[in-house]
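S.K.: Below is one structure. I have some questions about it.
The values are calculated or read from the model by the stated rules, or taken from the named source; none is laboratory data. Predicted, not measured: the structure shown is a model, and the values here were computed from it. Note that each Cβ is placed from the backbone with ideal geometry, even for glycine, and that neighbours are counted across all protein chains shown.
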Amino acid sequence: MRILAIESSCDETAAAVIEDGTKVLSNIINTQIELHKLYGGVVPEIASRKHIENVSVVVDKALEESGFTLSEMDAVAVTYGPGLVGALLVGVSTAKGLAFAGKKPLIPVHHIKGHICANYIENPEFKPPFLCLVASGGHSHLVLAEDYDTYRVLARTRDDAAGEAFDKVSRVLGLGYPGGPAIQKAAERGDSNAIHFPRVNMGESGLDFSFSGVKTAVLNYLHNAEQKGEEINAADVAASFQEAVVDVLSEHLIACAKKCGVKQIALAGGVAANLPLRARIEKRAKEEGFFFQYPRLSLCTDNAAMIGCAAYYAYQNGKIADMSLNAVPNLSLEE
């Protein structure tokens, strides 16, 4: 089964052709990072306009690289939420047009399910059940994958997502955008034990996340140092902040996995590209006897291959949309 997939939930315009769920025939990504660097973050209106400019080119290139035409596709898939509403609408409208013109089934895909499914592309032998930490600019979730298209959210952030906190701290440190890679690079020169920033556990289970506090703690530290005329070591601040976030993400994942009784854990989302986070979870997984799966770096950030993979499993469960499909910016994972 060959699926043409489209992803446009934030600032990457992407299209891919996926065969039988995990075989990537093409995976084209047009990123807007350099453009949004000028503003220190994603500007929704600009992102939407760039998607309009890029989507047809990206789709054509994905088909060309795969060696197949639209008529040879078995279905068209698209991210319809969550994300920036204007950006999502570009992808949804394009996919609807292609599905209608090509008389193909239209498969709606949840963005976070796509991130989780990137693990199947990385390792086709990997299968549910498993617990996945989904960490990105907009999400910090602990998700139990009960089956290929059945997910249950067990914990989530109560305020800022991990990636959002990375971006904001990077901005105040003058390290630039996107924050994740910038913080990681600066942290390599710093001491992760130089400053103790808070670790927060929330919710009845104590497994929900909160990154607003650690972000505020960094801001307060910088303001106090500035008022006292003290020199600020940005590398130490970056390393100590990263250590606090990695500590919370990894420990919550391990604690939740123990509580669930699963033997497999996984990582997904843009923050999954953070190397210290990968190393920490890998270490803890070995200590606790868990099998740990994570995608290659190119499959952590937004891409359409993961959407095509998720679409394959959704299609097996009869999830097909009609031409009334719309963008749902706050789409729940359990819908």
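S.K.: Give segment 203-241 a look and list any residue that's in contact (Cβ under 8 Å) with a residue 60 or more places away in the chain, in a helix (DSSP H, G or I) and within 24 Å of the chain's Cα centre (by Cα), or say none. Talk me through it step by step, then tell me what you get.
M.R.: Just the residues of segment 203-241 that are in contact (Cβ under 8 Å) with a residue 60 or more places away in the chain, to begin with: 207, 209, 211, 234, 237-238, 241.
If we keep only those that are in a helix (DSSP H, G or I) as well, we get 234, 237-238, 241.
Across segment 203-241, the qualifying residues are Ala238, Phe241.
S.K.: Let me ask something additional. What's the number of the only condition in (1) modelled with pLDDT under 95; (2) surrounded by fewer than 24 Cβ atoms within 10 Å (Cβ to Cβ); (3) in the same structural domain as Thr157 (by TED's automatic domain parsing) that Leu333 fails to meet?
M.R.: Checking Leu333 against (1) modelled with pLDDT under 95; (2) surrounded by fewer than 24 Cβ atoms within 10 Å (Cβ to Cβ); (3) in the same structural domain as Thr157 (by TED's automatic domain parsing), the one that fails is (3).
S.K.: Here are some conditions: (1) crowded, with 21+ Cβ neighbours inside 10 Å; (2) in the same structural domain as Ser205 (by TED's automatic domain parsing). His110 meets all but one. Which one does it not meet?
M.R.: Checking His110 against (1) crowded, with 21+ Cβ neighbours inside 10 Å; (2) in the same structural domain as Ser205 (by TED's automatic domain parsing), the one that fails is (2).
S.K.: Could I ask something else about it? Quick one: which strands (runs of 3 or more DSSP E) sit completely within segment 1-63 and have at least 1 residues that are over 27 Å from Lys103 (Cα atoms)? I'd like the intermediate steps shown before the answer.
M.R.: Details: elements: 2-7, 12-19, 23-31.
Ranges flagged: 23-31.
S.K.: So, one more: Name, by its number, the condition in (1) within 19 Å of the chain's Cα centre (by Cα); (2) assigned to a loop (DSSP other than H, G, I, E, B); (3) surrounded by fewer than 20 Cβ atoms within 10 Å (Cβ to Cβ) that does not hold for Arg199.
M.R.: Only one criterion is unmet by Arg199, namely (1).
S.K.: For Gly179, only one of the following conditions fails: (1) in contact (Cβ under 8 Å) with a residue 24 or more places away in the chain; (2) buried (at least 22 other Cβ atoms within 10 Å of the Cβ). What is its number?
M.R.: If we test Gly179 against (1) in contact (Cβ under 8 Å) with a residue 24 or more places away in the chain; (2) buried (at least 22 other Cβ atoms within 10 Å of the Cβ), just (1) comes out false.
S.K.: Tally time: how many residues in segment 132-144 are under 19 Å from Phe291 (Cβ atoms) and either surrounded by fewer than 24 Cβ atoms within 10 Å (Cβ to Cβ) or basic (Lys, Arg) (or both)?
M.R.: The number of residues fulfilling the criteria is 1.
S.K.: Tell me which residues, restricted to segment 317-330, are farther than 22 Å from Ile29 by Cβ and either part of a loop (DSSP other than H, G, I, E, B) or assigned by TED's automatic domain parsing to the domain that holds Ile107 (or both).
M.R.: Step one: filter segment 317-330 for residues farther than 22 Å from Ile29 by Cβ, giving 317-326, 328, 330.
Listed by number, the residues that qualify are Asn317, Gly318, Lys319, Ile320, Asp322, Met323, Ser324, Leu325, Asn326, Val328, Asn330.
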